[in-house]
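Remarks on the structure that follows.
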Amino acid sequence: MSRAWCRGERGAVTLWILGLCVAVLFLGGLSLDLWRAFATRRAMAEAADAAAIAGASGLEETELRQGVVVLDPRRAEVLARQNLADQELPDGVTAGDVQVDADGVEVSLEGVVDLTLLRIFLGERDLDVAVSARADPRRSP
């Protein structure tokens, strides 16, 4: 091989390797941060489900003794909020809300997932996560 040909190609492999490293870092960050976001969302959904079910068990006792399933709104909200307070919520949960109507209980949670490796590419942005769960009381067959 002549030296003239090699001089024109000096550093091309280094640039390829650097580009490949950046791409692998981005894909690794994407997978790591998305996995954390999915895990946080799943934990928040489980917490909201448990609180909604706890709230839906707040039935009017006098009506229940007569075989009628009627939700006691005040008791349902207290039970749902107490269940949320007793749980170990995942890091990043920023807000929670309990809504009770005549038919059931809806629990909503909002949170933020801090990005780690993707912060290199996206800056100081975080990922917002929101879940909600609804439970309606009903009489078992």
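The values are calculated or read from the model by the stated rules, or taken from the named source; none is laboratory data. These numbers were taken from a predicted model, which means no experiment stands behind them. Positions of Cβ are backbone-derived with ideal geometry, glycine not excepted, and every protein chain shown enters the neighbour counts.
Observations
- Within the option set Leu32, Leu109, Leu84, Leu71, being of a type in the set (A, V, I, L, M), surrounded by 14 or more Cβ atoms within 10 Å (Cβ to Cβ), more than 21 Å from Asp136 (Cα to Cα) and touching a residue at least 24 places away in the same chain (Cβ under 8 Å) holds for one residue only, Leu32.
- If only residues of the range 1-47 that are more than 30 Å from Asn83 (Cβ to Cβ) and of a type in the set (Lys, Arg) are counted, the one that is modelled with the lowest pLDDT is Arg3.
- Take the conditions (1) aliphatic (A, V, I, L, M); (2) more than 29 Å from Leu27 (Cβ to Cβ); (3) in contact (Cβ under 8 Å) with a residue 40 or more places away in the chain; Leu64 misses just one of them, which is (3).
- The test for being farther than 29 Å from Leu27 by Cβ, surrounded by 13 or more Cβ atoms within 10 Å (Cβ to Cβ) and out of contact with any helix residue (DSSP H, G or I) (no Cβ under 7 Å at 6 or more places or on another chain) holds for Ala48.
- Hits in the range 32-56 (condition: of a type in the set (Val, Ile, Thr) and over 13 Å from Leu89 (Cβ atoms)): Ile53
- Residues being in contact (Cβ under 8 Å) with a residue 24 or more places away in the chain and out of contact with any Leu (no Cβ under 8 Å at 6 or more places or on another chain) - total across the range 120-141: 8
- Residues being over 16 Å from Glu46 (Cβ atoms) and out of contact with any strand residue (DSSP E or B) (no Cβ under 6 Å at 6 or more places or on another chain) - total across the range 73-111: 9
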